[in-house]
1. Please compute, for peptide A:101-110, the average count of beta-carbon atoms on other protein chains lying within 10 Å of each residue's beta-carbon.
2. For the range A:343-493, which whole-number percentage of the solvent-accessible area (1.4 Å probe, protein heavy atoms only) is attributable to carbon and sulfur atoms?
3. Give the shape of the range B:502-566 as rounded, prolate or oblate, defined through the alpha-carbon gyration tensor: a ≥ b ≥ c are the square roots of its eigenvalues, a/c under 1.5 means rounded, and otherwise the shape is prolate if a/b is larger than b/c and oblate if not.
4. Starting from the Cα of B:S1047, move 7 Å in the Cα-to-Cβ direction to define the label point; list residues of the range B:372-397 whose amide nitrogen is under 18 Å from there.
5. Can you give me the Cα centroid spacing of the range B:1017-1048 and the range A:396-450 in angstrom?
6. Compute the long axis of helix B:2-12 from its Cα atoms, compare it with the longest principal axis of the Cα atoms of chain B, and write down the angle in degrees, 0 to 90, nearest 10.
7. Which of the lysines could be linked to A:K376 by a straight reach, that is with a Cα gap under 22 Å, when you skip same-chain ones fewer than 8 residues away?
8. What is the magnitude of the charge dipole of the protein assembly as shown about its Cα centre, with +1 placed on the Cβ of each Lys and Arg, -1 on the Cβ of each Asp and Glu, and no other charges, expressed in debye to the nearest 20?
Amino acid sequence: MRNLRIIKVFVLAISLLYTTSCDDFLDVNSDPNNPTQVSEPLLLTGIIANFSYEVLGGFPVRVTNTWIQQTGYNAAFPSYDNYDVDENDVNNTWTFFSYTDVMHNCKILSEQASANRLYDYSGIAKIIWAWNMSIVTDLYGNAPFSQAWQPEAFPFPEYDTQEEIYTYIQSLLDQAIVDFGREDKLTNPAVGADDFIYGGDIEKWEKLAYSLKARFYLRLSYAPGYNTETQAQLALDAAAGGLSGNADNAMYFYLSDPGQENPWFQYAIDGKWNTNTQLSANIVDLMSANNDPRLAAFARGEVAGYVNGSEGNAGSLLGEFYADADAPLIWFTYSELKLIEAEASLIVGNKGNAQASYQEGLESSFAMLSGAIGAKLGDNAAGAISTYIDDNDELNASDQVAYQQIMTQKYIANFLTFEAYNDWRRTGIPSIGLAQNPVRGDLEMPGLRFPYPSAELNYNAANVNAQGVPVGNAAVKERVWWNSTPEQCTLCN
Amino acid sequence: MRRILLLLLFAQFTFLSAFAQDRLLSGNVKDETGAPLPGVTVLVKGTTTGTITDVDGNFKLNAPEDAQTLVFQYIGYENKEVAVGTQTSFNVSLTTDTKQLEEVVVTAIGVEQKKRTLGYALQTVNSDELVKATESNIVNSLAGKVAGVQINSSGGQAGSSSRIVIRGNTSLSGTNAPLFVIDGIPIDNSQNTANSGVESTLFGGTQSNRAIDLDPNVIEDVTVLKGAAATVLYGSRGANGVIMITTKRGKDTGGKPRVEISSRYGIDRPIVRGFQDEFLQGIGGNYRNGLPAGEGGFRSLDPETNPTGATASQGSTSWGPSINNIDQFTLDSIGVPQIFDPRREFYRNAKVWENNVRVLGGSDKLNYLLSFSNLEQEGIAPGNRFDRKNLTATINAKLSEKLRYTGTTRYTNSYNSRLTEGNGQRSYLYALNYWPISHDINKYYTESGEYYSFVNNAFNNPFWLAENNGRFSRVNRFTINQQLDYDVLPWLKVTNRFGLDAYHDANEDHVNVGTRGTPNGRLYTADITNYEINNDLMLTVDKQINDDFAITGLLGNNINSRKYKNSLMVGTNLNIPSFFDISNVSTVQAYEFDQEIRSFSLYAKVGFEFRNMLFLNLQGRNDWSSTLPVEDRSYLYGSADVSFVFTELLQIDQNILPYGKLRLSYSQAGNTAPAYSTIQTFNQSDTGDGTRGVINIPTQGQNAFELDNVQTNNQLQHELISEFEVGADLKFWNNRVGLDFAYYNRESDNQIVTASVTPTTGFTNRIVNAGQIKNEGVELTLTGTPVDLQNGFRWDVQVNYARNRTTVGKLADGIESIFLYGFTSPQIRADVNNGYGVIWGERFLRNDKGRLVIGNNGLPIQDSSLGSIGNVQPDWTGGIRNTFSYKGLTLSALFDARIGGDILNFDLFYMTYYGTAELTEDRGSVIVWDGVIDNGDGTYRENDIPVVKDGAYYRNFYSNSTELFVEDASFIKLRELSLSYNLPSSLLDRLPVENVSFSVIARNLFIASNFSFWDPEGSLGGNGNGQGFYHSVTPGTRGISFGINVSL
């Protein structure tokens, strides 16, 4: 009997232990390291920091800038300078930087902020979302958008065409503008120190939205089925609401503290990676032929150009204005907007406006760089600048030549930006030859797109294969949709 | 049960010593065959006076005047009583006791059971075999000794981790490591690194697995529980098998303390090969000496335009001239360049010194053991060392007739100083493997005192790295067991066993100012704490119902709680060089990684015995786990096993088949989810370019968060492992030959997988119940004594063989493979079509006949997509130990083999580029690739285009083809060769010592392998799932050590 009692006590003790405290005991599975809810300012900071460092200052620009030979990558070939880019190289840009770090968080912020009526936040989120999506489609072509970021409903998102994506992008920018103007919006917390671009100046964000709209309308100027004049007029209409001076320039100011430095500095100057990224002989030749004083600002120390793809002499490292530790990263400049207006005005036949905008675009580019040029050329700077402007601020009577002037100035003014690559693909101006030692024998011109990334080939195979783009490096010679009919550009030739 | 206790009691008498002294009795004890029996207990009946026989079977005993009878006791033999009378000399022969020849083993939860009752396989390795391994990591000492256990050392640095996997990989993306249990309590065997969660092991290498804190000197034996039937009572954590360690205990020495001292001194050398020793630094056959401009920088290129030979551009590669073909310009300018062996210059003879002192003793009421060990181990790389101090105290006390207490406290203090390995300039192997033979590795300062390497800014000098950088781990660890046993009734016992395992690891990573790649320096300092509390409360029943039937039973409860915390500070830019304190940095980033896992379980076991012949065991366990969703946190599973000792029924001639058993079991085991898999969270943003560029968050005074890239799952269910096992245990020819065979088929279903998904869903990974992985295999252990002579010569053999096949049944919907470790290319992954441990990377294009497709340049064409280029799983593994003993002399050799399976030699990839690999020694020769050329019309012709294997060939083509760096990972090692000698008692008589033995042990004396670097054991990912990734890890070592053991 005594044994039975012991067994009873034993079982009772265990069951008591369980019923009274077991659930509490086991409720330890909420992650102590990571929050489940995050406020709008914390999300916005993350989005801006990621988008700036990983996308606008990251791999897409590093690569495509060598393709348009503003820079070169002076290393043992093959490298991306020789167009050696495959599905693995381009994987991070798609996988981590764009679809997850930036755009998914833009979607979350835009939904959360809308629900909380913090429409300034949702507006900014939509601008960056649209912008990043444009970079994805400009690099890879068709891409998931309408079925993206819905893992339960669409575990294998289908691809939207680039044409569709551009309508979504314009729509997002429109929504952003609407959000900013909503009367029922709440402003506590207000966008402020969490906004590294404009410090909470929503008016400037709205101008940026219009400026991007103008850029994207013009992007489709020579797209199949699109009317060049119509796109130019749409761009002009949008540009009217755009940036109104260099004070409106969208720039991300980095700091010289370790781990806070400008992405170009980290990538190409400080030795953490290497110093292979150097000024290209192409842009050096282009600018020095014209005594362009901005070249001094583009280069660190003596100006020298590296011949893309060669095993030749080293070029200058990138200039301090662009690649010092605390240099700004340029998102969007007033000068680009003016040159957009100049191009659009020329297309719609308004040469007077084209001339005015062109001149403004040129002068604002110099205004932005005058300090940097002065630091290099000293007392000679002012004279060199005014001489150059005097020599170059007049559009040629020939529309074709004028178009060359505008696009060449835009190529220079957009130094180290992704947009310079898009403009070159769209117009072929300035003319860029193949780098030496191209990795593929069948290349006739520099890389025209990225291949689809390995993540898609592995985990969304059916949908990516339906796009008909060659797998891997062979893709770089395929044009994206808006770039598929170059003969439409009558002004370019 | 009583019989077992009796056996234990006998064991405790083994080291009795005499203290009453009246009559000197002496004699000799032999077995039935006339061979001397050492270790026989000789007792004066009715007293505790006694002694044991020496290696020759001799004994001397001071017996009291009134001694009537001597009792001779030896495990496995019948007791013999001999009347004393007036005799003083005794020649006694003992006979085998077949009833007592009953192996008792410790099974799950520490339950002792007769081996014959078990319906599943387990295998035990005793202390002698462990010590012979002369490995500081207990995991390595098991290599080759247990069938079905695969061990892979991650590299040759002292204090490196080792992976141990039993019966193949059971989990797709979770841990496959078995549970380590010491004296019944689970302990942590994690591999911690200061920067885990911040930086991948790809860029720094790994540190040790924490089982390295165990002191091999106090381990009595290690029992490996292999299948699910054996481990079911350990629940989820035993799903990958269990390594059960039993430690040495005190003994009844009649009160007199016994002191045991062992000491070992050894030397280790690196196992290195695979480097060319003919071609100098340079480019295109032209010599460059790698010195900085102004410091004698010289190059032989183009004497016309470069008459002085001094230029800034040096080049780091070894594509210079042959030592036999140096151009006149160079000879005239600087003479014949000096040749070095950089690897030999850098690695050193590493010394190991290990000492252990044990004091043990006690009475029948209380016994104790105190042990102190000190290990000081140098690594072959300067700066690398592993030191360990272990203090163990254990007490067994009989508090009353019914209540017993066991308490053990273990303290470990270990220190590991490591060099950074892995991919990148901070890795010492990065330069060492590419170091040209014509450049002096010992010179790394210019005359003006400036640090330089063979090409400035590109590489670090390994000596400089060893002096300036390092990764340091200082561990303080307590492991405590507290156990009470209460005999309620002779057949009913209550046990409570409490365990605590707690450690603190002060873990730092130093990068000094001036380091190429991190010029401003860096400091990681991490406080890692881990504790585990475990309690088992059990009722055990052992009742003989009648002559035919017996019942055993167990009812228990387990409560387990584990908490891990890593507080990490990352300091960037050291202000004062060489001063590693967090105050001395420009910016500090702080991180916290916390994890808490708890479980509550009930378990039960019932065993039925019929005529000591037929046994049935039923086991079950229900776990409630904290890591599953609340509504699905409870899960039940169990096993049934049958054992049939057919020789009891058939009565086969003892000389032929004295013992034969058949086993059969079917079991299921549940497994739980990793912590925090059910609730979606945000992370602090980690802004960076995925390689080296980074924006530290918080930035500009603002914190930032982003959604976790891994999608959690609030519908998760537990995993389920099902295993069928059948086996036999046979003993032949008077037990001289034993054979143990097992076949198993194990299926892990509903696997919790962190599956990669298309990032367009907004996540890169998703946690799902999806995967299925199967393992099927056989294990064979053969033991035998081919020779056993009258004169004492004996030859014992043990053979272990195992073969395991892993198939990945399925992964998540639409997913055919998952990433395990590595870069985008190459990497290791699990793949539905190719199995587990697939080497994945760039490969050559093949036509439909499997022939290489050759391009117009005569070189194979790269396939545009990545694919499987190898598999790391071996075909079979095995070990053979031969032991020869003659009187006090024992010679033992252990061969360990792993046959089949591939390894990715990613070092070779770089070394081919840099021209230091031995395979580039054929440079200049011509090759015609075996392949076909596409005619463009769907037909192919045989390739006939010759290609010169020049620098461009190796650099631009060869080193770009990952497929060429997949090598055969097979090896056969003479893992241990030991010679030991026990001094005969005749020599010890006049000394105040009981036993003295000497040993000489050589480790890895012989290795046969096709691997370019010789020893294919090594893994950049340490003991993780991504095995077979050999890249910038320290080569394995071979060594010899000399030991002495003394008992007082």
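1. Details: counts 9, 1, 3, 8, 7, 0, 2, 4, 2, 0.
That works out to 4 on average.
2. On the way: 2640 of 5630 Å².
Answer for the range A:343-493: carbon and sulfur cover 47 percent of the accessible area.
3. On the way: a/c = 8.78, a/b = 4.42, b/c = 1.99.
Prolate is the answer for the range B:502-566, as a/c is 1.5 or above and a/b outweighs b/c.
4. Within reach of a label on B:S1047, which here means backbone N under 18 Å from a point 7 Å along Cα→Cβ, the range B:372-397 contributes B:372.
5. After rounding, the separation between the Cα centres reads 56 Å.
6. Between the helix axis and the principal axis of chain B, the angle is about 70 degrees.
7. Cα-Cα hits under 22 Å: none found.
8. Working: 116 positive and 171 negative charges, 1323 e Å.
It comes to approximately 6360 debye.
The values are calculated or read from the model by the stated rules, or taken from the named source; none is laboratory data. These numbers come from a predicted model, not from an experiment. When we count neighbours, we look across all protein chains shown, and the Cβ atoms used for this are built from the backbone with ideal geometry, even at glycine. For accessibility, only protein heavy atoms count, side chains too; no ligands or nucleic acids. Shrake-Rupley method; radii C 1.70, N 1.55, O 1.52, S 1.80 Å.
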